[in-house]
1. Counting only C-alpha contacts under 8 Å and six or more residues apart, can you give the relative contact order of the range 380-444 as a whole percent?
2. Apply the a/c threshold of 1.5 to the C-alpha gyration tensor of the range 259-407 and tell me whether it is rounded, prolate or oblate.
3. For Met460, what charge total do you get from the other residues with a beta carbon under 14 Å from its beta carbon, if Lys and Arg give +1 and Asp and Glu give -1?
4. Determine the calculated [θ] at 222 nm for the chain from helices alone, applying -39500 (n - 2.57) to every DSSP H run no shorter than 4 residues and normalising by the residue count; nearest 500 deg cm²/dmol.
5. Can you give me the accessible area per residue for the range 415-488, using a 1.4 Å probe, in Å²?
6. Can you bin the chain into rounded, prolate or oblate? Criterion: square roots of the alpha carbon gyration tensor eigenvalues sorted a ≥ b ≥ c, rounded for a/c under 1.5, prolate for a/b above b/c, oblate for the rest.
7. Got a sec to turn the phi values of the range 294-302 into Karplus ³J(HN,Hα) couplings, 6.51 cos²θ - 1.76 cosθ + 1.60 with θ = phi - 60°, whole Hz, x for Gly and Pro?
8. Between Thr372 and Asn47, what is 0.36 nm times their sequence separation minus the Cα-Cα distance? Round to one decimal in nm.
Amino acid sequence: MKAFTSSICISVVILMFSCMQKETIRPNVLFLFADDQRADALSISGNKHIQTPNIDQLAKEGSYFTNAYVMGGHHGAICAPSRAMLLSGKSLFHVYDRLKDVETMPMRFGNHGYVTFGTGKWHNEKEAFEASFQQGSHVFLGGMADHFNVAVRELSEEGILSEPTKRGFSTDLFADAAINFIGEYAASGQEKPFFCYVSFTVPHDPYSPASEYIGKYREDSLPLPANYMPYHPFVFDNMTVRDENLTSWPRKPEVIRSILSDYYALIYHLDDRIGDIVDILKKNGLYDNTIIVYAADNGLAVGSHGLLGKQNLYEHSTKVPVILKGPGIPENEQFDAFVYLYDLYPTLAELAGVPPPEGVDGYSLVDILNGTVDEIRSSLFTAYRHTVRAVRDKEWKLIRYPERDYIQLFNLSSDPHEMINLADDRQYDTKTEELMALLKDWQRQSGDTAKLTASNILPMEYDPESLVRKPDQWQPPYTLEKYFDEKK
């Protein structure tokens with residue numbers, strides 16, 4: 001009888017241990033990263049002029065952060081520092097755009113039992129990609145390319161990227177690489193979870209959709225941005241930095257609508273292929289146990305404030321979409337907490353049961369997701385080169401231009417599009433002083449040593465119609481003819 005009882009007890013313990021093991025199966029991670037996508041370029045954001053059903057569905061099944069930001073950049077290619085911050089968990093002034101000798105997010109997951117795979121854009125050191133991923137296919141080293149002729153590389157079993165070869169359309173190349181990886185992973189019977197990083201190059205220019213997506217959105221059906229301007233009202237940096245060369249001055253309404261039509265078409269194609277990636281997860285029974293992240297590296301002006309690019313600190317260029325879906329993430333929730341892209345590293349580590357990374361600046365968002373706290377920071381700081389600094393809280397935003405000794409003050413509650421500068425209104429002097437003090441405090445915390453008033457104050461006036469533009473080598477015939485009146 002004692003032996004029988006002992007046998008039952010052992011069986012119960014084994015069964016309990018088995019159940020615990022099943023309950024603690026670590027989730028896979030699929031990270032989907034867009035390039036130059038405004039936070040409002042999703043239909044889930046309330047934009048009625050674009051269709052993104054597959055991305056929207058992820059938000060409905062997960063959590064959507066409506067106040068997510070990139071901290072900025074120290075040169076015009078914001079993509080590079082943005083990705084360095086995301087992958088390192090560090091803020092701008094602690095990483096800039098260099099990942100050498102940094103334990104990146106995929107590296108840490110790989111060091112703690114994950115199969116890691118990367119595809120798409122890698123705008124940091126080649127060696128950092130090789131150190132970060134165990135597997136890789138269709139890897140693009142660079143900032144931008146002709147979407148029809150992207151030079152991509154393969155990662156060998158020895159962890160070395162091959163020489164580049166030009167292949168098909170960027171969105172399809174990267175989506176197909178992810179689908180192939182997931183299919184092969186499922187077929188292999190691999191017991192380790194995976195970390196799959198898919199970094200698209202759309203909707204970054206060239207504004208050249210695949211032929212089947214051209215005209216998806218009629219140009220005359222699209223409204224101009226609410227803060228459209230033909231010119232930016234003053235000069236604050238290099239007004240011909242490459243993004244700004246993509247159309248002439250003044251920014252003609254019909255050209256901005258044309259750009260939006262192509263920009264939205266690139267996003268529609270992206271959404272289609274995200275649907276295909278989700279389908280392969282579902283087909284192989286992996287969907288429910290996969291954390292899916294959808295985010296973008298920075299926003300874009302696309303006509304807002306008379307600008308086209310991301311080399312400024314207005315909301316349209318610093319705010320990004322962030323969506324999380326999967327185990328441990330509440331369904332159909334929206335959070336307005338202030339978050340940075342570099343918060344995603346510690347967040348995913350905690351959700352996946354990976355030991356928290358050391359020496360990072362980002363905060364885990366898990367307490368927000370589970371309702372323990374409403375916020376992890378009460379304000380946000382952004383920076384562009386040495387020429388612009390900004391800080392915002394829930395209601396107010398201040399932008400400082402040190403070389404112009406100029407301030408913009410916006411009440412974002414009543415003026416979300418940043419059109420009414422209140423800095424010269426004496427009744428807001430106290431608010432300006434308060435936000436300037438907050439800005440200086442953020443500089444101290446972040447290690448930003450830029451002066452808020454330059455020793456040599458430059459004029460704000462400029463003649464935009466005298467600016468000279470020319471296309472770069474990545475523009476295909478479609479954009480040369482449409483936006484530069486040139487034939488290649």
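1. Worked out over the range 380-444, it gives 24 percent.
2. Cα axes put the range 259-407 in the oblate bin.
3. -4
4. -9500 deg cm²/dmol
5. 69 Å²
6. Prolate is the answer for the chain, as a/c is 1.5 or above and a/b outweighs b/c.
7. Rounded to whole hertz, the list is 10, 8, 9, 7, 5, x, 6, 6, 6.
8. The span from Thr372 to Asn47 would gain 114.0 nm if fully extended.
The values are calculated or read from the model by the stated rules, or taken from the named source; none is laboratory data. Keep in mind that this is a model prediction, so the values were computed, not measured. Neighbour counts are summed over all protein chains in view; Cβ atoms, including those assigned to glycine, are modelled from backbone coordinates with ideal geometry. Just so you know, the surface numbers come from the protein's heavy atoms only, side chains and all, with ligands and any DNA or RNA stripped out. Shrake-Rupley method; radii C 1.70, N 1.55, O 1.52, S 1.80 Å.
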